[in-house]
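A short worksheet on the structure shown next.
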Amino acid sequence: MMDMKLKNKSRPSYAFLRIVSKTMDIDKKARYFRTDQPLYEAEIHMLKAIKENEGIHVTGLADILGVTKGAVSQTLMKLQRKGMVVKETDPANLSRLTLKLTPKGETAYLSHEELHRKYEKVFSDILADYSEANKAFLWSFFSMLEEKLDKFME
C-alpha cells in the first residue's frame, strides 16, 4: 500500500488533483472580506459580477454567472440581508430593478480583489526565476489542460 502512495505522489496528475483540492478547500470557506458578515464563494462572486456590470438586473446576472434567476434571487436576498446589495428601479425601464453594491459590498469586493492579487503574487514569485520559454510552456500546458478537461466533462 505504501508503494502505491509513493507512486501516486510522484505523478503529475495526482499533484494537480491535490492542488485543485486545496484550492477548492480555500474557496469553500466563508470569509468576512473586511466586513462584519461572512460571505461564501457564490456570494462574493455575485458581488464581483454586480460591481463589474454596473446597473445589471437579475436576468443579466443569471446569464453572466451561468445560474438560474431563482438562484440569483436567493443569493441576492442573502446579500441584501447582509447589507451588501441594494435594488434600485431602473430609470430606463421602471418595471425592472437594477443592482448596486452598498459601501459594505464595495469593501467586500475590494478585499476579494486583493485576495486575487495575492494568488497572482504566489504564481509570480514562483515563476520569477524561470525563463520566458518555461513560462510559455506552462501557459500552453494550462491552456491545453483546460481544453482537454472541458472535453473530458462533455
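Given the structure, is Arg31 among the basic types (Lys, Arg) and exposed (fewer than 14 other Cβ atoms within 10 Å of the Cβ)?
On the way: among the basic types (Lys, Arg): yes; exposed (fewer than 14 other Cβ atoms within 10 Å of the Cβ): no.
Taking the combined requirement at face value, the residue does not satisfy it.
Residues satisfying the criterion are absent from segment 88-100 (criterion: small (Gly, Ala, Ser) and either touching a Phe, Trp or Tyr at 6+ places or on another chain (Cβ under 7 Å) or part of a helix (DSSP H, G or I) (or both)).
Filtering segment 39-66 to residues that are of a type in the set (A, V, I, L, M) and either surrounded by fewer than 16 Cβ atoms within 10 Å (Cβ to Cβ) or closer than 18 Å to His112 by Cβ (or both) leaves Leu39, Ala42, Ile44, Met46, Leu47, Ala49, Ile50, Ile56, Leu61, Ile64, Leu65. Inspection of segment 110-122 identifies no residue that is assigned to a helix (DSSP H, G or I), modelled with pLDDT of 95 or more and under 21 Å from Glu146 (Cβ atoms). Any idea which residue in segment 87-131 is surrounded by the fewest Cβ atoms within 10 Å (Cβ to Cβ), counting only those that are acidic (Asp, Glu) and within 21 Å of Ile64 (Cα to Cα)? Ranking the candidates gives Glu88 first.
None of Lys48, Lys22 is in contact (Cβ under 8 Å) with a residue 60 or more places away in the chain and either out of contact with any helix residue (DSSP H, G or I) (no Cβ under 9 Å at 6 or more places or on another chain) or in a helix (DSSP H, G or I) (or both) except Lys48. Of note, Ser10 does not satisfy the criterion of being among the small types (Gly, Ala, Ser) and in contact (Cβ under 8 Å) with a residue 60 or more places away in the chain.
Which ones in segment 132-145 are surrounded by 10 or more Cβ atoms within 10 Å (Cβ to Cβ) and not aliphatic (A, V, I, L, M)?
Residues of segment 132-145 that are surrounded by 10 or more Cβ atoms within 10 Å (Cβ to Cβ), as a first pass: 134-145.
Those that are surrounded by 10 or more Cβ atoms within 10 Å (Cβ to Cβ) and not aliphatic (A, V, I, L, M): Asn134, Lys135, Phe137, Trp139, Ser140, Phe141, Phe142, Ser143.
Taken together, the criteria exclude Val72 from residues that are at pLDDT below 95, among the aliphatic types (A, V, I, L, M) and closer than 14 Å to Leu99 by Cα.
When Lys82 is tested against the conditions (1) touching a Leu at 6+ places or on another chain (Cβ under 7 Å); (2) surrounded by 16 or more Cβ atoms within 10 Å (Cβ to Cβ); (3) basic (Lys, Arg), the lone failure is (1).
The values are calculated or read from the model by the stated rules, or taken from the named source; none is laboratory data. Treat the numbers as computed from the prediction; the structure is a model and nothing was measured. Positions of Cβ are generated from backbone atoms using ideal geometry, with glycine treated the same way; all protein chains shown enter the neighbour counts.
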